[in-house]
Amino acid sequence: MDLDCDLAIRQRYWWAEGGVMADQIENYDVATAAALDEIDALAPLPDTPISLGTAAAAGALAGGVALGVGELLSGISNKIPSLIVRVGDVVIENAPGSVERWAIDTLGTNDKPALIIGIAVVSLLIAAATGIAASKKFGVGVAVFVLFGLLGGLAAASDPQRPAGWAWFSAILAAAAGIAALRLLLNAARALWNAAASPTALAESRRGFLGAAAGAAAVSVAAPVVGTVLRSRQSAQVEGDRENVAAALDSIDVTPPSTSTLEAESTAMPDLASFDDIDGIATLVSPNDNFYRIDSALSIPRIDVDTWSMKITGMVDQEIELTFDDLLAMDPVEEFVTLSCVSNNVGGDLVGNARWLGVPIKKLLDMAGVQPGATQIVGRSVDGWTGGFPTEYLDDPDRVALVAVAMNGEPLPTQHGFPVRLVVAGLYGYVSATKWLKEIELTTWDDFDGYWITRGWSKEGPIKTQSRIDVPNANARLVGGDQPIAGVAWAPDRGVAKVEVLITDIVDGDEVPNENWIQAELSDDITDNSWRQWMVPWSAPVGDHVIRVRATDNLGDTQTSERSRVDPDGATGWHTIAVRVS
């Protein structure tokens with residue numbers, strides 16, 4: 001017998017029981033294909049070992065197929081949730097508050113994409129390890145994919161926006177696709193391994209494995225892309241709804257915003273004096289597409305405005321349910337309100353000012369009749385998010401708190417709560433700014449804690465008086481001469497009365513003491529609920545300088561210089577930057 005062929009046979013063929021080598025077959029003639037077929041028939045090899053790298057690749061590709069099928073199904077129908085997104089939602093819902101704070105502080109608005117990518121990467125790594133285990137015992141691979149299908153199904157079935165049955169359908173189909181792909185790839189890999197002694201069989205098996213791998217890779221890449229395209233069509237349907245809402249808004253009478261620059265009988269928008277012409281300053285009114293977004297939703301809810309309704313429940317004399325048309329028929333009003341996220345660091349950009357159209361919450365609560373003892377107003381979103389604030393906050397008749405339907409003259413953008421959200425002046429968003437609103441519940445202060453309260457944030461969230469330097473940028477290299485120092489300041493529901501800037505020089509690495517605060521020029525005061533722009537003209541001398549800013553509200557309170565973290569109830573301190581002038 002040819003020695004090389006004998007060694008190849010010893011490497012390739014093992015008995016399933018006891019590991020007895022196929023070289024026990026006597027007088028085998030390797031020159032005939034019939035003999036090879038006879039040995040293959042005598043020794044079927046379902047557990048033939050393959051390389052770890054090949055098995056891992058097969059597992060990762062199978063995992064990609066499963067993930068891709070899940071994403072494809074979520075694009076076919078709005079009733080089918082994305083399994084990856086729903087697993088991410090469950091991670092967010094159960095993550096400690098410190099982890100969520102770290103994610104927001106570190107990643108900002110990129111926290112959601114980072115979580116989705118992380119889930120996909122971890123899933124593929126686990127799938128790769130599963131491929132290695134399945135190459136030795138396929139039942140292990142089946143068990144892992146079934147387990148992940150179960151976990152994905154449980155996460156998807158908990159989606160408050162979609163039927164659980166469709167969630168399970170998606171999870172089962174995705175797991176089945178992963179198992180089938182794993183089986184196909186491992187069989188193709190074994191065929192390639194077993195073909196080592198026959199050039200013809202080797203070429204054919206190599207084509208088979210590469211074809212199977214390429215097909216799995218194509219599904220892994222193409223299916224999520226197609227799913228994304230299909231989901232964009234779902235978004236297009238929502239945009240169509242927004243266009244219809246825009247037409248409806250044009251047909252109703254709107255009470256214009258109350259501002260200090262308007263006479264009471266005026267019906268026109270104010271012509272506001274601002275510093276918008278200063279390059280780099282935040283505009284007096286923040287554009288919708290540039291308004292900050294911080295929320296817990298990995299996937300923006302797509303709501304059919306024709307079937308949407310909201311309820312007022314809990315400790316009320318009469319529970320009521322209102323449609324979108326009902327709200328439009330209630331003489332909505334417009335108000336300028338600055339909103340801020342509690343996670344906004346000193347000098348941060350998680351704050352914006354907009355013109356909101358909506359129905360006063362107080363008006364709706366009067367319709368339902370608030371019962372004595374109801375001390376908390378809870379907003380509930382269609383995605384399960386909740387936020388609550390004191391009922392007594394609305395005792396002030398001048399308090400602006402709206403069930404909002406429009407933003408800056410157009411229907412709410414989907415990412416900002418379409419079709420309806422809450423806007424409450426003077427409170428951080430984590431206790432008040434419920435997007436995609438479905439319910440307002442009256443309850444007691446002690447009986448319920450909102451989403452972020454259970455994660456360690458303060459239960460009361462009044463917005464602190466703050467100011468920010470927009471121009472120049474921190475660590476800017478400037479040319480000496482005249483240039484503005486400018487930015488914005490806010491103290492919603494109290495208003496900004498004064499902004500001051502302190503400029504100090506740095507000599508030989510040390511800051512030269514200076515107490516000469518310069519009072520800034522202010523833009524028009526829209527309302528006490530809105531931010532104001534400020535500006536200080538500066539003839540910048542050559543050298544290194546430190547610039548600080550502080551604001552004083554209409555109650556006479558000046559923001560403190562003491563630095564504090566954003567948790568548990570908002571950051572404090574003066575925004576401070578360093579610049580070099582040459």
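The selection criterion, being under 21 Å from V245 (Cβ atoms) and touching a residue at least 60 places away in the same chain (Cβ under 8 Å), holds for I303.
When region 471-497 is limited to residues that are part of a strand (DSSP E or B) and free of Cβ contacts under 8 Å to residues at least 60 places away in the same chain, the one that is most open to solvent (accessible area, probe 1.4 Å) turns out to be D482. Close contacts from region 219-246, counting a first residue that is in a helix (DSSP H, G or I) and a second that is crowded, with 18+ Cβ neighbours inside 10 Å and of a type in the set (S, T, Y), with Cβ to Cβ under 6 Å and a gap of 6+ residues or different chains, come to G227/S74; V238/T414.
The criterion of at least 3 residues that are of a type outside the set (V, I, T), crowded, with 18+ Cβ neighbours inside 10 Å and touching a strand residue (DSSP E or B) at 6+ places or on another chain (Cβ under 6 Å) is met by the following strands (runs of 3 or more DSSP E) wholly inside region 353-470: 376-381, 386-390, 401-407, 437-443.
Please determine whether any residue of region 301-318 is modelled with pLDDT of 95 or more, open to solvent by 30 Å² or more (accessible area, probe 1.4 Å) and more than 22 Å from A433 (Cα to Cα). Yes, region 301-318 contains a residue that is modelled with pLDDT of 95 or more, open to solvent by 30 Å² or more (accessible area, probe 1.4 Å) and more than 22 Å from A433 (Cα to Cα).
Check whether at least one residue in region 175-186 is closer than 29 Å to W385 by Cα and open to solvent by 40 Å² or more (accessible area, probe 1.4 Å), and report yes or no. So far as region 175-186 goes, no, none of its residues is closer than 29 Å to W385 by Cα and open to solvent by 40 Å² or more (accessible area, probe 1.4 Å).
The set of residues in region 506-519 that are within 42 Å of the chain's Cα centre (by Cα) and open to solvent by 70 Å² or more (accessible area, probe 1.4 Å) comprises E511, Q519. Are any of the residues in region 249-271 closer than 15 Å to L357 by Cα and either in a helix (DSSP H, G or I) or at pLDDT 90 or above (or both)? Yes; the residues of region 249-271 include at least one that is closer than 15 Å to L357 by Cα and either in a helix (DSSP H, G or I) or at pLDDT 90 or above (or both).
Here's the yes/no breakdown for (1) free of Cβ contacts under 8 Å to residues at least 40 places away in the same chain; (2) in a loop (DSSP other than H, G, I, E, B); (3) within 17 Å of L298 (Cα to Cα):
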residue	(1), (2), (3)
A56	no, no, no
L67	no, no, yes
G75	no, no, yes
V90	no, no, yes
S98	no, no, no
A128	no, no, no
G131	no, no, no
A143	yes, no, no
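Taking the stated definitions as given, is A297 aliphatic (A, V, I, L, M), open to solvent by less than 60 Å² (accessible area, probe 1.4 Å), under 30 Å from E100 (Cα atoms) and at pLDDT 95 or above? Considered against the rule, which asks whether it is aliphatic (A, V, I, L, M), open to solvent by less than 60 Å² (accessible area, probe 1.4 Å), under 30 Å from E100 (Cα atoms) and at pLDDT 95 or above, A297 comes out as no. Pairing residues of region 395-409 that are farther than 14 Å from L427 by Cα with residues that are open to solvent by less than 60 Å² (accessible area, probe 1.4 Å) and polar (S, T, N, Q), at Cβ distances under 6 Å and at least 6 apart in sequence or on separate chains, gives M407/N288; N408/N288.
Within region 326-360, the residues that satisfy the criterion of being of a type in the set (D, E) and in contact (Cβ under 8 Å) with a residue 12 or more places away in the chain are D331, E334, E335, D349. For region 155-174: of the residues being surrounded by fewer than 17 Cβ atoms within 10 Å (Cβ to Cβ) and without any contact (Cβ under 8 Å) to a residue 60 or more places away in the chain, which is nearest to the chain's Cα centre (by Cα)? Top of the filtered list is A164. Determine if region 93-116 includes at least one residue that is open to solvent by less than 30 Å² (accessible area, probe 1.4 Å), at pLDDT 90 or above and out of contact with any strand residue (DSSP E or B) (no Cβ under 9 Å at 6 or more places or on another chain). There is no residue in region 93-116 that is open to solvent by less than 30 Å² (accessible area, probe 1.4 Å), at pLDDT 90 or above and out of contact with any strand residue (DSSP E or B) (no Cβ under 9 Å at 6 or more places or on another chain).
The residue that is farthest from V424 (Cα to Cα), among those in region 324-352 that are within 21 Å of the chain's Cα centre (by Cα) and of a type in the set (S, T, N, Q), is N345.
The values are calculated or read from the model by the stated rules, or taken from the named source; none is laboratory data. Bear in mind the structure is a predicted one, so any value in this text is a computation, not a measurement. In this analysis, Cβ positions are derived from the backbone assuming ideal geometry, glycine residues included, and neighbour counts consider all displayed protein chains. The area values use the complete protein model at the heavy-atom level, side chains included, leaving out ligands, DNA and RNA. Shrake-Rupley method; radii C 1.70, N 1.55, O 1.52, S 1.80 Å.
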